[in-house]
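The values are calculated or read from the model by the stated rules, or taken from the named source; none is laboratory data. Quantities reported herein were computed from a predicted structural model and do not represent experimental measurements. Backbone-built Cβ (ideal geometry, glycine too); neighbour counts: all protein chains shown.
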Amino acid sequence: MTTRSSEPKMAAPTLPSATILLVRDVPSGIEVFMVKRHHQIDFASGALVFPGGKVDPHDRDPALRDHADGAGELDDYRLSLAACAIREGFEESGILLARKPGEAGSVTASMATALADWRPKLNSGDTGLVQFLHTEGLRLSCDALVRFAHWVTPPMMPKRFDTHFYLAEAPHGQLGRHDGSESVDSVWVDPNDAINDPRWTIIFPTRMNLLKLGKAKSVSEALHLARSSRIVTVEPKVEAREGGPVLTIPEEAGYGKVEEPMSSQRG
């Protein structure tokens with residue numbers, strides 16, 4: 001005879017991860033680069049998301065400090081997150097936030113395209129950023145990143161992420177393209193249009209951050225708002241209501257008062 005344990009189930013550990021919002025100015029306002037996840041990906045399959053993923057061991061390489069502009073402002077953990085954001089951005093979009101030593105701007109569009117063979121090597125983990133940067137004579141542009149948001153997956157979810165969102169202006173001329181493996185489509189899109197377009201599946205954290213980004217009418221305004229805003233960690237909670245459970249997030253996080261029925265959530 002077996003009995004069920006009365007002990008509460010332990011929450012899954014959170015996995016450090018980073019996401020990057022690459023933005024550009026257009027005549028109508030601002031656009032952000034997004035990719036559509038492959039349907040076989042185990043998280044947010046088929047959804048439209050920002051490039052991003054888990055911090056990998058290469059992102060924690062101490063030697064990265066010698067290949068990253070802005071590293072002096074970051075502790076080891078923050079540097080690994082910044083490295084992850086830039087790496088994932090390059091892997092999933094081909095947009096590279098890196099520069100030649102001593103130069104102010106990022107690599108040219110033609111150079112980023114010429115470096116495309118590194119994308120699958122970095123994605124597989126066979127090659128790390130240090131090897132890539134050393135071989136190509138580049139430095140990560142960590143100083144181009146602005147912290148945008150911090151979200152933690154709720155404890156009841158089977159897979160949990162501790163995700164740091166970064167905002168950065170896409171280098172001039174770097175148009176980006178999905179990798180064809182993890183992502184099967186890509187688009188530059190107005191943040192508010194992405195939310196309202198019925199073609200796209202948008203999961204809750206992505207939608208909230210599109211709404212937050214959509215408050216800005218230009219890249220400079222978006223960067224200013226991000227730099228001047230306090231980052232409040234968001235860990236969505238489920239609260240009982242008369243009409244059924246709702247998902248809530250802290251109002252002080254800058255997304256307004258959010259109470260959404262759990263029945264409407266995906267991912």
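Within the range 122-142, the residues that satisfy the criterion of being within 20 Å of the chain's Cα centre (by Cα) and either among the aromatic types (Phe, Trp, Tyr) or surrounded by fewer than 19 Cβ atoms within 10 Å (Cβ to Cβ) (or both) are 124, 125. Select from the range 57-104 the residues that are in a loop (DSSP other than H, G, I, E, B), small (Gly, Ala, Ser) and in contact with a helix residue (DSSP H, G or I) (Cβ under 7 Å, 6 or more places away or on another chain) and write down the one among them that is surrounded by the most Cβ atoms within 10 Å (Cβ to Cβ). Restricting to residues being in a loop (DSSP other than H, G, I, E, B), small (Gly, Ala, Ser) and in contact with a helix residue (DSSP H, G or I) (Cβ under 7 Å, 6 or more places away or on another chain), the top hit is 94.
Once the range 160-207 is narrowed to residues that are modelled with pLDDT under 90 and of a type in the set (Lys, Arg), the residue that is nearest to residue 31 (Cα to Cα) is 177. Only residues that are under 19 Å from residue 237 (Cα atoms) and part of a helix (DSSP H, G or I) were counted in the range 196-207, giving 4. Of the residues making up the range 225-245, those that are in contact with a Ser or Thr (Cβ under 9 Å, 6 or more places away or on another chain) and either over 23 Å from residue 154 (Cβ atoms) or not hydrophobic (A, V, I, L, M, F, W, C) (or both) are 235, 236, 237, 239, 244, 245. Against the conditions (1) modelled with pLDDT under 95; (2) touching a strand residue (DSSP E or B) at 6+ places or on another chain (Cβ under 7 Å); (3) under 15 Å from residue 173 (Cα atoms), where does residue 92 fall short? Just the number, please. If we test residue 92 against (1) modelled with pLDDT under 95; (2) touching a strand residue (DSSP E or B) at 6+ places or on another chain (Cβ under 7 Å); (3) under 15 Å from residue 173 (Cα atoms), just (3) comes out false. Of the residues making up the range 208-259, those that are small (Gly, Ala, Ser), within 30 Å of residue 26 (Cβ to Cβ) and part of a loop (DSSP other than H, G, I, E, B) number 6. Only a single criterion out of (1) under 20 Å from residue 213 (Cα atoms); (2) in contact with a Pro (Cβ under 7 Å, 6 or more places away or on another chain) is not satisfied by residue 92, namely (1).
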